[in-house]
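The values are calculated or read from the model by the stated rules, or taken from the named source; none is laboratory data. Being a predicted model, the structure only gives us computed values, none of them experimental. No Cβ is skipped: glycine too gets one built from the backbone with ideal geometry, and neighbour counts run over all protein chains shown.
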Amino acid sequence: MRRVAPNSQWRSGEPNARSGTGLLYNPAMALTRLGILISGTGSNMKSIVAACEAGEVPAEVAIVISNRTDAKGVAWAAEHGLETAVLSHKDFANRETHDLAIVDRLRAAGVDWVCLAGYMRLLSAAIVDAYPNRILNIHPALLPSFPGLHGQQQAFEYGVKVSGCTVHLVDLELDHGPIVVQRTVPVHSEDDEDRLAARILIEEHIAYPEALRSLLTRSWSLGGRRVVFS
Ligand code: GRF
């Protein structure tokens, strides 16, 4: 079992005015550097940026990378003063060379942890092995149910009464790695897929910062598939 030390720049103290959790950030210490990978709107990216800026997550966003030139989130990130890069997969011969180029950019930006936030590409070993147990993904369903595309729609059509979202560590299988945080939402009789997806997205924006905060501030270990916080 591998143990991971808590991030040392946080200490117990006065309750944080925003979160009331009793953790304080010491700005004199180095922050964990995040690389965020997106393909679209980037609302989860924005929730991570906001949580970092509010001091709720002891990290800073070092770079935002998109595989799509038209990703709205990239424009937002650039306007927000963040470093951005667009590496279109269409410009590379295969998945591995594309991923290797992404790793080069992540390393050049000094990234410690990678957050997939609506990144619509499978990762090859080129990235997963470069950041072992340091890549997170968010999926809009309660894994292991409804992995893959359109998790909200899959759950709705299946007729579940509860759905939600999952933040998990990334391995080589799609939507598969150890689970860090799950948040649930009810499915109402009058729902349609869009209403359910909107309800889940609200929870996604809480779950991603919550997962990062836990992983960066608490001791944790991996026991098989289980992420165990102590
Ligand atoms: C989210 O529903 C996320 O769970 C999924 O893709 C969507 C991305 O949304 N992986 P956004 O780009 O973060 O707004």
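Couple of notes before you dig in:
For every residue, the table says whether it meets (1) within 20 Å of residue 128 (Cβ to Cβ); (2) within 14 Å of the chain's Cα centre (by Cα).
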{"site": "165", "(1), (2)": "no, yes"}
{"site": "169", "(1), (2)": "yes, yes"}
{"site": "184", "(1), (2)": "no, no"}
{"site": "191", "(1), (2)": "no, no"}
{"site": "203", "(1), (2)": "no, yes"}
{"site": "219", "(1), (2)": "no, no"}
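- Flag if residue 181 is assigned to a strand (DSSP E or B) and within 11 Å of the ligand (Cβ to nearest atom): no
- Flag if residue 185 is free of Cβ contacts under 8 Å to residues at least 40 places away in the same chain and hydrophobic (A, V, I, L, M, F, W, C): yes
- With respect to the stated conditions, residue 211 fails to be surrounded by 13 or more Cβ atoms within 10 Å (Cβ to Cβ) and in a loop (DSSP other than H, G, I, E, B).
- In the set (1) buried (at least 20 other Cβ atoms within 10 Å of the Cβ); (2) within 14 Å of the ligand (Cβ to nearest atom), residue 43 fails one condition alone, (1).
- Residue that is farthest from the ligand (Cβ to nearest atom) [pool: residues in the stretch 56-69 that are part of a loop (DSSP other than H, G, I, E, B) and at pLDDT 95 or above]: 58
- Against the numbered list (1) out of contact with any helix residue (DSSP H, G or I) (no Cβ under 6 Å at 6 or more places or on another chain); (2) outside any loop (DSSP other than H, G, I, E, B); (3) assigned by TED's automatic domain parsing to the domain that holds residue 42, residue 123 comes up short only at (2).
- Given (1) outside any loop (DSSP other than H, G, I, E, B); (2) within 16 Å of the ligand (Cβ to nearest atom); (3) in contact with a Gly (Cβ under 8 Å, 6 or more places away or on another chain), number of the condition residue 141 does not satisfy: (1)
- Only listed residue being free of Cβ contacts under 8 Å to residues at least 12 places away in the same chain, of a type in the set (Lys, Arg) and either in a strand (DSSP E or B) or not assigned by TED's automatic domain parsing to the domain that holds residue 221 (or both), chosen from 46, 90: 90
- Which numbered condition residue 197 misses (of (1) in a helix (DSSP H, G or I); (2) under 20 Å from residue 209 (Cα atoms); (3) not assigned by TED's automatic domain parsing to the domain that holds residue 212): (3)
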